[in-house]
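These notes are about the structure you will find just below.
The values are calculated or read from the model by the stated rules, or taken from the named source; none is laboratory data. Keep in mind the model is a prediction, meaning the values are calculated, not measured. Cβ placement follows ideal geometry from the backbone for every residue including glycine, while neighbour counts extend to all protein chains displayed. With ligands, DNA and RNA removed, areas are computed over all heavy atoms of the protein, side chains included. Shrake-Rupley method; radii C 1.70, N 1.55, O 1.52, S 1.80 Å.
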Amino acid sequence: MNHKIRDVKVHLVSMPVQGGFSDATRKVETIGYTIVRVITEDGLEGFGVTYHEVGGEATKLLIEKNIAPRIIGRYPFETEVIWADMFQYLRGVGRKGLMFCALSAVDIALWDLKGKITNLPLYRLFGGNKKEVPVYGSGGWTSYSDEELVEEMKELVSRGYQMIKFKVGFNGGNSPSRDVERVRKVREAVGPGIGIMLDANNCWDAAAGARFANRVKDYDIMFLEEPVFADDIPGLKKFKMSTDLPLATGEHEYTKYGVRDLVINQAADIVQLDGTRAGGFTEMLKVAAVTQAWNLKFAPHAMENIHIHLVSACTNALFLERLLLFEEITRNIYVDAPEPVSGMMTIPDKPGLGLELNMNFINEYDEKL
Ligand SMILES: [Mg+2]
């Protein structure tokens with residue numbers, strides 16, 4: 001078989017978000033996927049994805065113009081050296097952000113190909129054996145009324161989720177007493193057996209975040225996520241020293257270097273890097289190893305269908321996050337994507353990612369640039 005890479009195709013599919021959803025610090029207007037298909041000389045195809053609220057066009061062009069020409073003619077098993085080559089080639093224009101979204105999607109596509117060539121699901125290539133992984137339902141915008149918030153959280157529980165997450169930072173983070181009240185209402189509505197996580201989306205400083213955390217910890221909260229600006233690593237540490245409510249952060253961090261800075265500064269209990277942005281599977285395996293070395297927990301952000309293989313294999317990984325916001329577009333992008341059942345997701349018994357792209361939908365909505 002000739003597994004040399006022959007072609008790379010990139011598709012961009014976006015969806016306007018109706019309803020004006022806001023968290024504490026921003027309004028969501030668009031969501032979308034950038035999809036990378038890597039095809040070998042023998043016609044075998046692997047794919048990877050990254051996603052965006054803004055900037056998908058730039059990511060697509062970066063892959064087409066800069067990365068694709070440098071991987072055509074190479075072999076999918078070269079993930080380690082291809083990653084390193086791309087890092088050096090592109091480092092001057094980005095060591096975080098869109099550059100890494102682009103590289104992540106390409107790296108995931110190469111890993112999908114490695115699974116297809118070896119006829120193994122990725123969780124097995126990563127060394128895992130669990131086929132079922134816990135998943136939590138994630139939504140609860142701060143733009144919701146209290147009634148809408150409680151209703152959505154009850155709905156998640158009725159769909160079988162044992163763990164739920166919602167957003168705090170009502171009114172841009174300026175009404176923490178209202179947030180405490182909303183936490184109380186949700187806890188009373190879902191009962192004591194359901195795991196509750198909170199996400200403040202960067203809205204506070206360390207003192208305000210810690211004060212809030214200490215006011216809600218009696219509601220049996222699993223963690224508070226991003227209580228301060230993601231780059232305020234001293235603030236994250238100060239928060240952590242000021243409360244015993246566990247601190248989750250990392251969805252805005254990139255690469256092993258980003259997670260290194262979080263751990264050496266004692267700025268996280270639960271590390272949430274996102275493999276579809278932070279460097280793909282090649283980098284996420286290293287990120288997981290760093291968290292293991294510091295005895296921290298690993299809980300990748302969003303993109304549950306991609307991260308399920310990592311969470312299966314990494315012994316300190318807790319669970320997957322399923323964003324309600326992405327459910328519709330995800331159902332359209334894949335053919336028969338796995339859905340959670342009783343708060344668990346099952347890895348498809350297929351090679352690679354175990355997912356099939358819905359090319360009818362993707363071709364119909366592909367944004368040609
Ligand atoms: Mg978050």
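Here are some notes:
- Residue list for segment 325-344, given a label point 7 angstrom along the Cα-to-Cβ vector of ASP366 and an amide N cut-off under 19 Å: 330, 332-335
- For the chain, share of DSSP beta bridges that run antiparallel, in % to the nearest 5: 55 percent
- Computed E for ASP244/MET15 - FRET, C-beta separation, R0 56 angstrom, nearest 0.05: 0.90
- Set the Cα radius of gyration of the chain against 2.2 N^0.38 Å, with N its number of residues, and you get 0.96.
- Degrees between helix 146-158 axis and first principal axis of the chain (Cα, 0 to 90, nearest 10): 60 degrees
- Whole-number accessible area per residue in Å² for segment 250-369, which is evaluated in the context of all protein chains at 1.4 Å: 36 Å²
- Rounded to 10°, Cα long-axis angle of helix 176-190 versus longest principal axis of the chain: 80 degrees
- Distance violations [Cα-Cα > 19 Å] among LYS60/LYS165; LYS96/LYS238; LYS217/LYS240; LYS217/LYS238; LYS27/LYS65; LYS27/LYS185: LYS60/LYS165; LYS96/LYS238; LYS27/LYS65; LYS27/LYS185
- Taking the C-alpha atoms only, the angle from helix 255-264 to the longest principal axis of the chain is near 30 degrees.
- Segment ALA189-SER145, extension gain: residue separation times 0.36 nm, minus the distance between their alpha carbons: 14.4 nm
- Extension gain for ASP205-GLU53 works out to 52.2 nm (0.36 nm per residue, less the C-alpha to C-alpha distance).
- Formal net charge of residues neighbouring VAL180 (Cβ-Cβ distance under 15 Å; K, R +1; D, E -1): +3
- Protein heavy-atom surface of the chain, 1.4 angstrom probe: 49% of the accessible area is carbon and sulfur, with nucleic acids and ligands not counted.
- You can think of it this way: the chain between ARG159 and TYR89 has 20.6 nm of extra reach, that is 0.36 nm per residue less the Cα-Cα gap.
- For a label point 7 Å along the Cα-to-beta-carbon line of LYS4, residues of segment 61-91 with backbone N under 12 Å: 72-75
- Mean separation of Cα contacts under 8 Å, 6 or more apart, over the residue count of the chain: relative contact order %: 20 percent
- Label-point separation, LYS27 to VAL335 (7 Å along Cα→Cβ), nm: 3.9 nm
- Residue of MET344, MET241, MET163 that the Gaussian network model of the chain assigns the largest fluctuation, springs spanning Cα pairs under 10 Å: MET241
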